[in-house]
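Novice: Please read through the structure below; I'll follow up with questions.
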Amino acid sequence: MIPFIAMFVSLLLFRVLGYAGWEYTNDWIISLRLAVAVMFLITASAHWGKRRADLIAMVPPGIPNAAFIVSVTGGLEIAGAILILIPSTTAFASAGLALMLLAMFPANVHAAKHGLPLDGKPATPIGPRTLMQIVFLAAVIMAGWLPPQG
């Protein structure tokens with residue numbers, strides 16, 4: 001839930017800053033790109049912090065080397081957060097992040113089905129998690145494929 005809130009709040013913050021005079025963020029798409037970057041940087045931080053063991057446990061059985069997978073996805077989240085902000089790589093980053101969200105969704109299903117905790121809290125139930133995933137996908141695709149308006 002924290003990544004969802006962070007994306008939403010940062011989107012609003014960047015828009016307010018745009019209205020207040022920061023010309024760069026006076027555009028919905030640019031603000032959305034920044035918010036998506038914030039969200040992925042927050043999610044990436046969990047890949048090496050105190051939540052790492054919980055993320056490793058979320059990887060469905062049968063997928064080898066869960067710890068390596070968690071490290072790689074964290075690195076890809078950081079790379080995607082940076083690359084979505086660079087105009088020449090925005091579409092590429094958007095496509096990669098969207099594919100990664102789809103590829104990682106089974107881990108969220110596994111966590112919800114088995115009641116695996118994340119940071120001591122129960123996993124988000126599959127219904128709300130699916131809705132958040134759809135919002136994340138829509139945000140990533142819009143940020144990467146819609147041109148800035150300004």
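The values are calculated or read from the model by the stated rules, or taken from the named source; none is laboratory data. Computed from a predicted structure; not experimentally measured. When we count neighbours, we look across all protein chains shown, and the Cβ atoms used for this are built from the backbone with ideal geometry, even at glycine.
Novice: I30 - would you say it is surrounded by fewer than 17 Cβ atoms within 10 Å (Cβ to Cβ), on the phi < 0 side of the Ramachandran plot, in a helix (DSSP H, G or I) and at pLDDT 95 or above?
Specialist: No; evaluated as a whole, the condition is false for this residue.
Novice: For R51, which of the numbered conditions (1) at pLDDT below 95; (2) out of contact with any strand residue (DSSP E or B) (no Cβ under 7 Å at 6 or more places or on another chain); (3) at negative phi fails to hold?
Specialist: Of (1) at pLDDT below 95; (2) out of contact with any strand residue (DSSP E or B) (no Cβ under 7 Å at 6 or more places or on another chain); (3) at negative phi, only one is false for R51: (2).
Novice: Looking at (1) over 20 Å from F14 (Cβ atoms); (2) without any contact (Cβ under 8 Å) to a residue 24 or more places away in the chain, which is the one condition that is false for G74?
Specialist: Only one criterion in (1) over 20 Å from F14 (Cβ atoms); (2) without any contact (Cβ under 8 Å) to a residue 24 or more places away in the chain is unmet by G74, namely (2).
Novice: Turning to a different aspect of this structure: Would you check if there is a residue in the stretch 58-68 being free of Cβ contacts under 8 Å to residues at least 40 places away in the same chain and within 21 Å of A6 (Cβ to Cβ)?
Specialist: For the stretch 58-68, residues free of Cβ contacts under 8 Å to residues at least 40 places away in the same chain and within 21 Å of A6 (Cβ to Cβ): absent.
Novice: Residues to consider are A103, A79, A98; find the one that is of a type in the set (A, V, I, L, M) and without any contact (Cβ under 8 Å) to a residue 12 or more places away in the chain.
Specialist: A103
Novice: Continuing with this model, one more query. Taking the condition modelled with pLDDT under 95 and buried (at least 19 other Cβ atoms within 10 Å of the Cβ), does A46 pass?
Specialist: Yes; evaluated as a whole, the condition is true for this residue.
Novice: Considering only residues that are touching a helix residue (DSSP H, G or I) at 6+ places or on another chain (Cβ under 7 Å) and surrounded by fewer than 16 Cβ atoms within 10 Å (Cβ to Cβ), which ones fall in the stretch 114-125?
Specialist: Scanning the stretch 114-125 gives P117, D119, P125.
Novice: Where residues in the stretch 2-26 are among the polar types (S, T, N, Q) and within 14 Å of Q149 (Cβ to Cβ), which of them is surrounded by the fewest Cβ atoms within 10 Å (Cβ to Cβ)?
Specialist: Only one residue fits best here, namely N26.
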